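Working notes, beginning with the structure itself.
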Amino acid sequence: MRLTSPATMRRYGQLHVAEEVQILDLDVQTRCGHRGNSSTYVAKGDVCFSRSSLDDILSAMVIVVPCKDEELHVIWGVIAAIPAPCVVLLVSNCRRATTRDNKEGKEGEEEDQYTQLVEMSRTFGAFGRQVLTIHQKDPAAAAALRESGMSQLLDSADKRVTRNGKGEGMVLGIALAEAFYPQKRYIGFVDADNFNPCSVGEYCQAFAAGFAMSRRPEYEDTIVRLKWSSKPKVRTGGTIEFVPEGRCSRIVNAWLNRLFVPSLGGAQPRETARPFITTGNAGEHAMTMALARKLRLAAGYAIEPFHFVDLLVRGCLDGGISMQRLDKPVVVRQVRTLSPHYHRESDDEHIRKMWAAGLGSIYHGLSPYCAEGGPILKLCEDMRAYAVNHNGIDKATGELPCPRIYPPVQTMNIRRFRDVLESSIGKGSFHAFGLSDDVED
Ligand code: GDD
Ligand code: MG
């Protein structure tokens, strides 16, 4: 793969944010003029990584696919496009079948999508892919979370199951990766509602390239965040407009760019033509397992913007919360893909809730750092005013929504989590297929 090399890295204490880089070539010949070793080199200012060097990283990676009611063929396409060396972990919150009257008036079974998902995963496993599947509402998952000390993830109305939400599914995914694949060094996330399967292959390669740009996980943690080249929109008359930024990202990135100015890290402001933060809401992202273990994670769709908040407050800002400080540098790598992203179209209400949750995670996460007259206080006041004017205020509280924040996965007793879930493999919703220790036929 060939990418532009990042010209700028902004430093905020232990948090280092690199300027967006762009994928220029999905594949390169490693013979062309280069310096350095043959797997990684710089040519005419671009950085290149051989296919085998990216494969090495991919073979140490788990890819979590959060899913909820996507059509089976769509999820099939996503799994099929994930590079074979990766472990695939499907965390589904799809509606389960209920017994109901069928057309003839007799009691019948609705087709269960999750059962179909498991059967599909079994087929992938039969050809050597490692695929784990779990349903978010599996009581065994809830029991494992409770017994391992993560009861915050349990539904407050029904403690026998995990809460709804994309972020919640992802926390469960991280815990599963940690418990069942402790030797893996990286974890990535790709949405299941992707209508262009081949883009998923590119996303995973891009994750690997982002890690290849960083130092080894022993020296620094890395989070790779993808910026889709565009989001195609079908307009009246059938024309397709390739919109550079989604409706939610446009809002959240603008506020993050006000926060992540060079002066926050102590540097002199410099005029830049392009926005610096382009991946505030990157649904497609990956990180070193060490980072996934120590990050606090936000509920639902606030999970991605809140990464920036947790990293900033624990890596740079003084006082405030009593969380453990970052013990080594964390590099944020932003990568622009070649592929546009085709996915399920959302209505305005969904988008409004998503940006409000993202801004809420920033607003409430930074509130302990709002010193009188300081830049963060001004930013938060302006953000709140924006939310008031754009219908982003939670009516119950009169504030921006305050997303639930989960403690880091490293606070869990992972051995206990594994023991409880292991005993349920193949019995409830939890299945493991492929060439792992936990093989089912
Ligand atoms: N396991 C699980 N549980 N998955 C869920 C849940 C849930 O409760 N809710 C949603 N998902 C899955 C969906 O099935 C889909 O694969 C993925 O999460 C993204 O959900 P969408 O509803 O399609 O989100 P979106 O397209 O509006 O937003 C996406 O892009 C944003 C950036 O533009 C998400 O990835 C956002 O997190 C991201 O910020
Ligand atoms: Mg989507």
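The values are calculated or read from the model by the stated rules, or taken from the named source; none is laboratory data. Because the structure is predicted, anything quoted here is derived from the model rather than measured. Here the Cβ is made from the backbone with ideal geometry for all residues, glycine too, and neighbour counts use every protein chain on show. SASA here: full protein model, heavy atoms, side chains in, ligands and nucleic acids out. Shrake-Rupley method; radii C 1.70, N 1.55, O 1.52, S 1.80 Å.
May I ask you to say which residue of ALA192, ALA206 is within 16 Å of ligand 1 (Cβ to nearest atom), more than 18 Å from SER5 (Cα to Cα), open to solvent by less than 30 Å² (accessible area, probe 1.4 Å) and within 15 Å of the chain's Cα centre (by Cα)?
ALA192
Residue under question is GLU109, and the condition is that it be more than 23 Å from the chain's Cα centre (by Cα) and at pLDDT below 95; does it hold?
Numbers: more than 23 Å from the chain's Cα centre (by Cα): yes; at pLDDT below 95: yes.
Yes: the conditions hold for GLU109.
Those residues that are in contact (Cβ under 8 Å) with a residue 60 or more places away in the chain and closer than 18 Å to VAL261 by Cα, I need them from the range 318-345; list them, please.
Once the filter is applied, which keeps residues that are in contact (Cβ under 8 Å) with a residue 60 or more places away in the chain and closer than 18 Å to VAL261 by Cα, the range 318-345 yields VAL330, VAL331, VAL332, ARG333, GLN334.
Residue by residue through the range 125-160, note down the ones that are touching a residue at least 24 places away in the same chain (Cβ under 8 Å), open to solvent by less than 10 Å² (accessible area, probe 1.4 Å) and of a type in the set (A, V, I, L, M, F, W, C).
Hits for the range 125-160 are VAL131, LEU132, ILE134, ALA141, ALA144, LEU145, MET150, LEU153.
Suppose we filter TYR203, TYR219 for residues that are of a type in the set (Ser, Thr, Tyr) and in contact with a Ser or Thr (Cβ under 8 Å, 6 or more places away or on another chain); which single one remains?
Going through TYR203, TYR219 in turn, just one is of a type in the set (Ser, Thr, Tyr) and in contact with a Ser or Thr (Cβ under 8 Å, 6 or more places away or on another chain): TYR203.
Are there any helices (runs of 4 or more DSSP H) wholly within the range 285-378 with 3 or more residues that are surrounded by 24 or more Cβ atoms within 10 Å (Cβ to Cβ) and touching a strand residue (DSSP E or B) at 6+ places or on another chain (Cβ under 7 Å), and if so which?
On the way: elements: 289-294, 303-315, 348-366.
Passing ranges, in order: 303-315.
Would you pick out the residues in the range 260-284 that are open to solvent by 10 Å² or more (accessible area, probe 1.4 Å), hydrophobic (A, V, I, L, M, F, W, C) and either at pLDDT 90 or above or part of a loop (DSSP other than H, G, I, E, B) (or both)? Quick ask: steps written out before the conclusion?
From the range 260-284, those open to solvent by 10 Å² or more (accessible area, probe 1.4 Å) are 261-276, 278, 281; that's our starting set.
Applying the additional criterion that residues be hydrophobic (A, V, I, L, M, F, W, C) yields 261, 264, 267, 273, 276.
Residues satisfying the conditions are VAL261, ALA267, ALA273, PHE276.
To keep it simple, each residue is scored yes or no on (1) more than 16 Å from ligand 2 (Cβ to nearest atom); (2) among the β-branched types (Val, Ile, Thr); (3) not in a helix (DSSP H, G or I).
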{"site": "ILE187", "(1), (2), (3)": "yes, yes, yes"}
{"site": "ALA192", "(1), (2), (3)": "no, no, yes"}
{"site": "ALA209", "(1), (2), (3)": "yes, no, no"}
{"site": "LYS233", "(1), (2), (3)": "no, no, yes"}
{"site": "GLU245", "(1), (2), (3)": "no, no, yes"}
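Considering PRO197, PRO232, PRO182, which residue is more than 10 Å from ligand 1 (Cβ to nearest atom), open to solvent by 10 Å² or more (accessible area, probe 1.4 Å) and in contact with a Gly (Cβ under 6 Å, 6 or more places away or on another chain)? Show your work before the answer.
On the way: PRO232 fails: in contact with a Gly (Cβ under 6 Å, 6 or more places away or on another chain); PRO182 fails: in contact with a Gly (Cβ under 6 Å, 6 or more places away or on another chain).
Answer to the selection: PRO197.
With the condition kept exactly as written, say whether any residue in the range 391-402 is in a loop (DSSP other than H, G, I, E, B), touching a residue at least 12 places away in the same chain (Cβ under 8 Å), open to solvent by less than 50 Å² (accessible area, probe 1.4 Å) and under 30 Å from ARG146 (Cα atoms).
There is at least one residue in the range 391-402 that is in a loop (DSSP other than H, G, I, E, B), touching a residue at least 12 places away in the same chain (Cβ under 8 Å), open to solvent by less than 50 Å² (accessible area, probe 1.4 Å) and under 30 Å from ARG146 (Cα atoms).
Restricting the search to the range 236-259, which residues are within 16 Å of ligand 1 (Cβ to nearest atom), under 21 Å from SER346 (Cα atoms) and either open to solvent by 20 Å² or more (accessible area, probe 1.4 Å) or without any contact (Cβ under 8 Å) to a residue 12 or more places away in the chain (or both)?
PHE242, PRO244, GLU245, ARG247, SER249, ARG250, ILE251, ALA254
Using the structure shown, decide if VAL388 is away from ligand 2 (no atom under 16 Å from the Cβ), in contact with a strand residue (DSSP E or B) (Cβ under 6 Å, 6 or more places away or on another chain) and either of a type in the set (A, V, I, L, M, F, W, C) or not in a helix (DSSP H, G or I) (or both). Give the derivation first.
Working: away from ligand 2 (no atom under 16 Å from the Cβ): yes; in contact with a strand residue (DSSP E or B) (Cβ under 6 Å, 6 or more places away or on another chain): no; either of a type in the set (A, V, I, L, M, F, W, C) or not in a helix (DSSP H, G or I) (or both): yes.
Answer is no for this residue.
Is the range 161-176 home to any residue that is without any contact (Cβ under 8 Å) to a residue 60 or more places away in the chain and more than 16 Å from ligand 2 (Cβ to nearest atom)?
Yes, the conditions are met somewhere in the range 161-176.
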